[in-house]
Amino acid sequence: MKGGGFFLLVLIAMGTISAPAQTTSSCFPHCHQCEVIAGDIASKRILKKVEFSPLTGEEELTNKVFGIPGTSLMVTASVFYTDESMASRAGLDSVKLALAVSKRSWPDAFRSPNNAISEITLASFDTARVQTSVRSGSRRLLVSMECKDTSSK
């Protein structure tokens with residue numbers, strides 16, 4: 001469990017996402033819950049865990065920015081819904097996830113010159129993840145964002 005132990009710990013922690021109430025307007029037509037975890041790879045310690053519900057809808061962008069304790073690093077996590085970048089047999093709608101980790105925050109993670117981006121078609125969206133690893137001094141950190149569709153289908 002040496003090399004992949006922390007990765008497994010992050011996956012287990014991400015399995016604890018709880019479904020928000022289905023009554024908010026941000027849940028129409030889809031309800032998504034995202035969780036961002038920043039952790040130290042060597043010590044297998046979770047340094048920060050942030051949950052949020054992105055606003056869903058065409059051209060909606062939701063950003064979450066936070067610092068990683070014990071470092072000078074900022075995490076910018078972004079979720080963007082669009083119908084213009086990924087065509088599939090099920091339709092044009094998609095959701096893009098982005099993470100940026102740097103010494104400054106960004107208006108959104110898509111604008112950072114050093115980011116990690118993932119995209120999935122909305123019609124088949126169940127769970128999506130984007131991850132990046134960074135160094136803070138001599139420490140290696142893993143930052144992971146996982147978003148789940150919590151709407152009743």
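We did not get these values from a lab; they are worked out from the coordinates using the rules stated. What you see is a predicted model; the values in this text were computed from it and never measured. Note that we place each Cβ from the backbone using ideal geometry, even for glycine, and neighbour counts take in every protein chain shown.
Before moving on, here are some points about what is shown:
- Neighbours of Met74 by Cβ distance under 12 Å: Lys/Arg scored +1, Asp/Glu scored -1, total +4.
- Between Glu59 and Arg89, the distance separating the two model label sites (each 7 Å from Cα on the Cα→Cβ line) works out to 3.1 nm.
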